[in-house]
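Everything below concerns the one structure shown next.
Throughout, read-outs are computed from the coordinates displayed, never taken from laboratory work. Predicted model, so just to flag it, every value in this text is computed and none were measured. Heads up, the Cβs are rebuilt from the backbone with ideal geometry, glycines too, and the neighbour counts pull from every protein chain shown.
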Protein chains: 2
Amino acid sequence: MKKILNDPNAYVDEMLDGLCIAHPELRRTGEDGRVIVRSRGAVAGKVGIVTGGGSGHLPVFLGYVGEGLLDACAVGNVFAGPRMSDCIEAMRAADGGAGVLQLYGNYGGDRMNFDMATEMLELEGMRVASVRVADDVASAPAAQREKRRGVAGLVLVYKAAGAKAASGASLDEVAALARRANDACRSIGVALTPCVVPESGKASFEIGENDVEFGMGIHGEPGIWRGALKTADALADEMLAHVLPELALARGDRVAVLVNSLGATPAEELYILYRRVAQVLGERGIGIVRPLVGRYATSMEMAGASLSVMKLDDELEALLAAPAECPFWSVR
Amino acid sequence: MKKILNDPNAYVDEMLDGLCIAHPELRRTGEDGRVIVRSRGAVAGKVGIVTGGGSGHLPVFLGYVGEGLLDACAVGNVFAGPRMSDCIEAMRAADGGAGVLQLYGNYGGDRMNFDMATEMLELEGMRVASVRVADDVASAPAAQREKRRGVAGLVLVYKAAGAKAASGASLDEVAALARRANDACRSIGVALTPCVVPESGKASFEIGENDVEFGMGIHGEPGIWRGALKTADALADEMLAHVLPELALARGDRVAVLVNSLGATPAEELYILYRRVAQVLGERGIGIVRPLVGRYATSMEMAGASLSVMKLDDELEALLAAPAECPFWSVR
């Protein structure tokens, strides 16, 4: 695997520099520039939403800082959580006086740092709520949902919570909505090839020439099974079989669907997958609203894809349709 | 290289099905559904713009059918040109009575079929103009510009011509604008890994573990040199050294810049490249307007990147900024 870079240890900072030059609506702040905020600053009276996580997943996490979405992001090294000091800085930058929602993927290191940041800032009088997205059904059984990792479903939760905050809702209301969006969302991924973490120069995992790992996490965390690559339709069917049951969908229900490339897998193949997903949901009488097919949460050049499904109610549907704008996504 | 698909021979048609289900503003038409048109049909009185080309390059070509962009696209198999009958069908579908501009990348097979389609339809009284985009500086010397291939610069020309047509300009005016945009645009690519053409199951080319091919085309056409992969900054400098001279830029000039992934190369690395491009242009006093960094013209899972630069005048700048909307891109 080959990468276009200069110094591997400068990968993240040079990426952040390029991103903020290309998108002047974002800027770097914090001690080492590892916090991405909106250039126009916090919105007075609006609940601020902060996220954070390792680099290497663009557009996740920092790419969703924008209008109708997030206010700030604490940025770690590739596949490594952000520092506590940057979580604090992100929260300060996002605070418009109406409190701050921490909204991030459920990973132990991120949680520890965000929790410590909360303790610090609550002492200063900031109102803080926290929701950890845990949509990856492959990462723990349903009975232990709190142990599941956050993957691409995070994007749908960002969108819903961002729109709720933009509507002028209170911190409690935005946090409750984010929790409800998370409860309504399930994801699963399949990985075909690893990616290379620049700082280590090593592949994130190893996998045979013709194999797929079903249920693998976005950092190469072990999945459910590993074996010969199946057809797109068989993969889609099996992904749906893991994602749908907990959502208890009935004929007439509506869902948001995200078919996401982990990086190298091209759009062409996402549409082949989506074709089957739409077919199966259609046969069950389930309506797909505003499907997303593309690269929304990646692992650099990893080949593979994930499927996220969110069960909608009227409010979630309206929030997903509300206008939003960030460097990687535009909803109108 | 692994691909998510069912029958390799159904790759294109299943992709088109999925795409049109996900984006109901597009639909398949033509004898075998190999023409993509806007569902709402041709716009009466507007110059229609048609394109065409092989599959495997999403969002190019068909992905740019949309508001303020293209009206129809004739779709070939992966890396294979569209049939003449589909070129004809695309032109008929795009014709709103004000004539049709054929706007496509300069490849021999595509040209032959579009030229034959023109002869047929002119006999029926359709007014047709044709502009072939030839932005790839690596594919022929400046003295033989008409032999150069079209690569990612096509996207900028689509955008400018699409906005011109949407403004109500005549066929002659839209064609002249498209020619001017093409004349103002230069591109070059670097390839790090091949992709697999599904129908053949074979890699598009072979390249050593640590090598890059500088100037390679999007189907694996030979480039300028092959050797050890350089740093991102060195690649950017060399790409600029090939792209800039023919544009004769002076301090105070403005350009559009597109840093494009050929597929697997992640957004992170595009921003590292863009950082250097912006640095060099900034030092020369050249202003970058609305930079594009992302996947705009790919070769499925090929790793690599391309750089396109278009020298702007006031009209081109305004046309690139005009509202547009297609499944892969939104300008507002």
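So the values come out like this:
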| item | result |
| --- | --- |
| Global form of region B:148-294, assessed from the alpha-carbon gyration tensor, a/c cut-off 1.5 | oblate |
| Candidates A:E146, A:E283, A:E199, ranked by Gaussian network fluctuation over chain A, Cα under 10 Å, top entry | A:E283 |
| Three-way shape call for the protein assembly as shown based on the alpha-carbon gyration tensor, with the a/c threshold at 1.5 | prolate |
| Residue order, fewest to most surrounding Cβ atoms within 10 angstrom, among A:D71, B:D183, A:D233 | B:D183, A:D233, A:D71 |
| Packing-based exposure ordering (other Cβ within 10 Å, fewest first) of A:R34, B:R180, A:R332 | A:R332, B:R180, A:R34 |
| Whole-Hz couplings from phi, Karplus 6.51/-1.76/1.60, listed for region A:188-201; x for Gly and Pro | 8, x, 10, 10, 10, 9, x, 10, 10, 6, x, 5, 9, x |
| Highest-fluctuation residue, A:N77, A:N260, A:N210 considered, GNM on chain A with Cα pairs under 10 Å | A:N210 |
| Prolate/oblate/rounded call for region B:8-184, Cα gyration tensor, a/c under 1.5 rounded | rounded |
| Gap separating the Cα centres of region A:217-255 and region B:46-84, nearest whole Å | 32 |
| Lys pairs, chain A - Cα-Cα below 20 angstrom, 8 or more residues apart or on other chains | 6 |
| Within a Gaussian network of chain A (alpha carbon springs, distance under 10 Å), most fluctuating of A:S200, A:S187, A:S167 | A:S200 |
| Integer Hz, Karplus 6.51/-1.76/1.60 couplings in order for region B:270-285, x for Gly and Pro | 5, 5, 4, 5, 4, 3, 6, 4, 5, 4, 5, 5, x, 4, 8, x |
| Whole-angstrom gap from region A:1-39 to region A:160-216, using each part's C-alpha centre | 21 |
